[in-house]
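Structure, as structure tokens:
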Amino acid sequence: LYIYTYIYLYIDISSIEETTEQKDRAVANHFCSSMASSSAVAAPAIAAAPAASSSRSRKNVAPEALLSGLFQNFAAFQAQARDIQKHSKIGVDPGQALNLLAQYSCRFAEPLLAARKEIRENVILRGKSTESTRNMYDYLGINLAVWELMHELTLSTAISPVKLLQWYRRHWLEEDVRTWWQEGSKVAGESEALAPKSKLWEIAVRLALADQPAEVLALLKRAGSNTRNSQLERVCDFLQQVCTLESLGKARGTDRLNFLQDIGHIKDAARILLNESPKDHPSRAILEVYAGCSRAAYDQGEDIAAKYARTWLEDFIFSHAWVWPDLPRNELRDLLQVVAGRHEKEEIDTMDKIQYAVVAQDLPMLFSLTDSIPDMFPLYFITHFVDILFYAGRMPAAEGPAGVSHRDRYLIQYAKELSKHSNRAVRKMGLEYLKYGTEDPCFEALKEMLREFCASAETDEEMTEALEILHELDLLYSIGGEECLSRSNRLRSEGKMGGCLRWACQANLLVGGDRSKDYLISELLDDIASKEDEFNSLLAALTPLRTDEPLKKYPPQELEEMLAPITGARAAGVRSGRLYFLVQYARCRSLRLSAQPASVWAPELVELLVSGAAGPASLRRQILEEELLPVLEEGGSILATDEALNLMWYVQQVQTDPLARLRLTWPVERTHQVMGLCLSNSILQEKLPGSHKAATPPLPGLGDASKMFGPGLKA
């Protein structure tokens, strides 16, 4: 992996090409403006998301490790860049900006390399490869080649002829060099190896063009081991002294002037030897590689690159490395045009066009081509590739009727692709990408995907995670309430009444703004109470596991935990009388079913009835006629005197209600007898010595009990 981890962080201020200071300043200026435009996600006006420029259907699915690695690098750069912009009062330092972008670009390649290595070692070499994995392996190699070429031409401060030749040899010549060496070793052992028309000379020239002087020297020495040839000896002595371009590049780093001086010495030595060599000797071609040629000879196609290059790309690389190593990066397009003119009849494919667009820095053409072959250039590659170019200030202006930038267009497409992934963590990455968009369509796409993310939550933890993202983006109150209510309805349809109530309470806190709309909970409870199965499930959900908690404590701890506000919601309790009524009834019911004495739970039921808590009518009738009156009829001291009086007052109000909102089924006479018996027992109990039964204050305006129940009733 070392070949991809190079990065030089020092700026060459003495370059002959466009000054590094100007280049750095341009990158830094765009870096500043880019970070300023994406430093915060505000709530913009609604705008239509851009349509994709082409249909990007893919057959290959990227490994999650690759997606995660790319995202971590992306998020780390965005955070680091914003931090630099935030703390920089006088603007971003040009060198710092360029170095940061170069590191971001280099780290982008690491997950791609790791994924390719994983496929090779654990799939291909083990004989488990399929067409899909083989394609992905090849496509990752192509992606890396395109990225590295763009990196060298855009962000690298290293010497371009060295890096471009290394790039070409690594990606396109590696197998050829191996083949040439094998064939050359075979030919060098033949008796006619040094004959003028021997294939050895062509192989030696091609190895020299590939920056392999040691291999050329080894072949020539082997071929001439049984003969004495003065010309061959001089060439071998020369090759013995020649350094590779790669070693010169490493030695000089970004010191371009000294590098060109070293190249000049090699050229001078090669030209002297070339002038002294016989004109018909085949070794002259090897010397021509290092001697270069004049502009006139190059225009006539007499240079070594024109003679031996097999493609336009090879011609371009060899011309820059061996003929024009002093050509600055900003003039490479001129060289490209000359080379293209020399290969007008060459048939080129889409990959050739892509590499041509990269060298020519024709980005509209480049992205048009990559969009036409989405399997080879998937969104996980092209989105990050575009992001690097965006911050480097190389992206073209926005396109389309909405004026959406290329960067945001690809961010939206990639985020939507991630939103379809089976892994929820990957879907969350899609949201994170959109958070770093700079335009309205990105924000609208983010809101749409957030709704989908909330709707796809299967557990409370996943829903809470989604709401935390909404809170972070200041969208909790605009979107969160609706999504909580949707989740509540979904859980209700599944018969999960506890979850239904929990998320309805969350929605109640979020949709009400500063004034909580507690009627939302009351209406929900009324509707549930009208359906017997749902109502029984709700009571089961409200029934506490603990029975030792005082009934006077409301809300009980379990309910408090269940209905606790989520992160970011206003910590306001749910003020619903119906909820209070049902919770307290469920607690009393739990005590009754656990065989607790009626004196423990009956007073609380009386308080529920007389306090005005708005319980469902059917439940109030059930409490009175099925739970209170039967135990009071059995006798015994259950209620305090004032509690008994309060219950008598409540029964009187129900029986004389002109609207008949609660219809009792017990006969009136029997009801009155039970009430009288209860009151008598309460009075007698309180007069017994040592009785300390607490009494609740009488309700205001009760007056004489006979007035409540009418004349003729005797206690």
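The values are calculated or read from the model by the stated rules, or taken from the named source; none is laboratory data. Fair warning: this is a prediction, and the values are worked out from it, not measured in the lab. Cβ placement follows ideal geometry from the backbone for every residue including glycine, while neighbour counts extend to all protein chains displayed. Side chains included, ligands, DNA and RNA excluded: accessible areas come from the protein's heavy atoms. Shrake-Rupley method; radii C 1.70, N 1.55, O 1.52, S 1.80 Å.
Would you say Glu344 is over 19 Å from Val162 (Cα atoms) and not small (Gly, Ala, Ser)?
Here the answer is yes, as Glu344 does meet what is asked.
What are the pairs with Cβ atoms under 6 angstrom where one residue, in region 588-606, is charged (D, E, K, R) and the other, located anywhere, is assigned to a helix (DSSP H, G or I)? Sequence gap at least six, or different chains.
Qualifying pairs under 6 Å: Arg592/Trp601; Glu604/Cys588.
Here is a yes/no grid of residues against (1) more than 25 Å from the chain's Cα centre (by Cα); (2) surrounded by fewer than 16 Cβ atoms within 10 Å (Cβ to Cβ); (3) at pLDDT 95 or above; (4) within 27 Å of Leu332 (Cα to Cα):
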position: Glu344; (1), (2), (3), (4): yes, yes, no, yes
position: Phe381; (1), (2), (3), (4): no, no, yes, yes
position: Arg407; (1), (2), (3), (4): no, no, no, yes
position: Tyr414; (1), (2), (3), (4): no, no, yes, no
position: Glu432; (1), (2), (3), (4): no, no, no, no
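Quick one: Leu431 ticks every box in (1) over 26 Å from Gly69 (Cα atoms); (2) of a type outside the set (Phe, Trp, Tyr); (3) in a helix (DSSP H, G or I) except a single one, so which number is it?
Status for Leu431: all satisfied but (1).
With respect to the numbered conditions (1) of a type in the set (A, V, I, L, M); (2) farther than 27 Å from Leu538 by Cα; (3) at pLDDT below 85; (4) open to solvent by 40 Å² or more (accessible area, probe 1.4 Å), which one is the sole condition not fulfilled by Leu677?
(3)
Please determine, by comparing only the residues of region 439-466 that are outside any helix (DSSP H, G or I) and either polar (S, T, N, Q) or free of Cβ contacts under 8 Å to residues at least 24 places away in the same chain (or both), which one is nearest to Arg427 (Cα to Cα).
Per the stated criteria, the residue is Ser456.
Could you give me the residue pairs with C-beta distances under 6 Å whose first residue belongs to region 481-510 and is within 17 Å of Phe453 (Cβ to Cβ), whose second residue is open to solvent by 40 Å² or more (accessible area, probe 1.4 Å) and modelled with pLDDT under 90 wherever it lies, and which are 6+ apart or on separate chains?
Gly481/Val511; Leu510/Tyr477
Condition first: assigned to a loop (DSSP other than H, G, I, E, B), touching a helix residue (DSSP H, G or I) at 6+ places or on another chain (Cβ under 8 Å), at pLDDT below 85 and within 18 Å of Val610 (Cβ to Cβ). Can you find one or more residues in region 699-713 that meet it? Break it down into steps so the answer makes sense when it comes.
Looking only at region 699-713, we keep the residues that are assigned to a loop (DSSP other than H, G, I, E, B), and these are 699-704, 710-713.
Still in the list and also touching a helix residue (DSSP H, G or I) at 6+ places or on another chain (Cβ under 8 Å): 699, 702, 713.
From the residues that got through so far, the ones that are at pLDDT below 85 too are 699, 702, 713.
Adding the requirement that they be within 18 Å of Val610 (Cβ to Cβ) leaves 699, 702.
Looking through region 699-713, at least one residue is assigned to a loop (DSSP other than H, G, I, E, B), touching a helix residue (DSSP H, G or I) at 6+ places or on another chain (Cβ under 8 Å), at pLDDT below 85 and within 18 Å of Val610 (Cβ to Cβ).
From Ile286, Ile348, Ile317, which residue is closer than 30 Å to Ile373 by Cα and either open to solvent by less than 20 Å² (accessible area, probe 1.4 Å) or in contact with a strand residue (DSSP E or B) (Cβ under 7 Å, 6 or more places away or on another chain) (or both)?
Ile317
Which one is surrounded by the fewest Cβ atoms within 10 Å (Cβ to Cβ) among residues in region 237-263 that are among the β-branched types (Val, Ile, Thr) and closer than 26 Å to Ala309 by Cα?
Thr244
For residues in region 586-617 being of a type in the set (S, T, N, Q) and not in a helix (DSSP H, G or I), which is surrounded by the fewest Cβ atoms within 10 Å (Cβ to Cβ)?
Out of the qualifying residues, it is Ser594.
What tally of residues in region 126-138 results from selecting those that are in contact (Cβ under 8 Å) with a residue 40 or more places away in the chain and either open to solvent by 50 Å² or more (accessible area, probe 1.4 Å) or over 30 Å from Gln361 (Cα atoms) (or both)?
Matching residues across region 126-138 total 1.
Is it the case that Arg107 is outside any loop (DSSP other than H, G, I, E, B), charged (D, E, K, R) and over 27 Å from the mean Cα position of the chain (by Cα)? Full working, then the answer.
Details: outside any loop (DSSP other than H, G, I, E, B): yes; charged (D, E, K, R): yes; over 27 Å from the mean Cα position of the chain (by Cα): no.
Here the answer is no, as Arg107 does not meet what is asked.
Given (1) open to solvent by less than 50 Å² (accessible area, probe 1.4 Å); (2) farther than 22 Å from Trp167 by Cβ; (3) at pLDDT below 95; (4) out of contact with any Cys (no Cβ under 9 Å at 6 or more places or on another chain), identify the lone condition not met by Gly224.
(4) is the only condition that Gly224 fails.
Based on what the data block shows, is Arg178 under 20 Å from Ile373 (Cα atoms) and without any contact (Cβ under 8 Å) to a residue 24 or more places away in the chain?
Spelling it out, it is not the case that Arg178 is under 20 Å from Ile373 (Cα atoms) and without any contact (Cβ under 8 Å) to a residue 24 or more places away in the chain.
Suppose we filter region 155-169 for residues that are part of a helix (DSSP H, G or I) and either more than 17 Å from Arg310 (Cα to Cα) or open to solvent by less than 20 Å² (accessible area, probe 1.4 Å) (or both); how many remain?
Residues flagged as part of a helix (DSSP H, G or I) and either more than 17 Å from Arg310 (Cα to Cα) or open to solvent by less than 20 Å² (accessible area, probe 1.4 Å) (or both) within region 155-169 amount to 9.
Do we have any residue at all in region 446-468 that's open to solvent by less than 20 Å² (accessible area, probe 1.4 Å), touching a Lys or Arg at 6+ places or on another chain (Cβ under 9 Å) and either of a type in the set (Lys, Arg) or more than 15 Å from Glu483 (Cβ to Cβ) (or both)?
Going residue by residue through region 446-468, those that are open to solvent by less than 20 Å² (accessible area, probe 1.4 Å) are 446, 449-450, 453-454, 457, 463, 466-467.
From the residues that got through so far, the ones that are touching a Lys or Arg at 6+ places or on another chain (Cβ under 9 Å) too are 446, 449, 453-454, 457, 463, 466.
Subset that is either of a type in the set (Lys, Arg) or more than 15 Å from Glu483 (Cβ to Cβ) (or both): none.
Checking region 446-468: not a single residue is open to solvent by less than 20 Å² (accessible area, probe 1.4 Å), touching a Lys or Arg at 6+ places or on another chain (Cβ under 9 Å) and either of a type in the set (Lys, Arg) or more than 15 Å from Glu483 (Cβ to Cβ) (or both).
Would you confirm, using the coordinates I've provided, whether Arg234 is more than 26 Å from Ala158 (Cα to Cα), open to solvent by 60 Å² or more (accessible area, probe 1.4 Å), outside any loop (DSSP other than H, G, I, E, B) and touching a residue at least 40 places away in the same chain (Cβ under 8 Å)?
In short, yes.
Does Ile354 satisfy the criteria of being open to solvent by less than 50 Å² (accessible area, probe 1.4 Å) and either touching a residue at least 12 places away in the same chain (Cβ under 8 Å) or part of a helix (DSSP H, G or I) (or both)?
For Ile354, the condition - open to solvent by less than 50 Å² (accessible area, probe 1.4 Å) and either touching a residue at least 12 places away in the same chain (Cβ under 8 Å) or part of a helix (DSSP H, G or I) (or both) - is met.
Restricting attention to region 294-304, which residues are surrounded by 22 or more Cβ atoms within 10 Å (Cβ to Cβ) and either under 22 Å from Ile354 (Cβ atoms) or free of Cβ contacts under 8 Å to residues at least 60 places away in the same chain (or both)?
Within region 294-304, just Asp303 meets the criteria.
Which of the residues spanning region 618-654 are open to solvent by less than 40 Å² (accessible area, probe 1.4 Å) and either within 60 Å of the chain's Cα centre (by Cα) or of a type in the set (D, E, K, R) (or both)?
Leu619, Ile623, Leu624, Glu625, Glu627, Leu628, Asp642, Glu643 - these are the residues of region 618-654 that are open to solvent by less than 40 Å² (accessible area, probe 1.4 Å) and either within 60 Å of the chain's Cα centre (by Cα) or of a type in the set (D, E, K, R) (or both).
With Ser422, Ser368 as the choices, which residue is outside any helix (DSSP H, G or I), out of contact with any helix residue (DSSP H, G or I) (no Cβ under 6 Å at 6 or more places or on another chain) and small (Gly, Ala, Ser)?
Ser422
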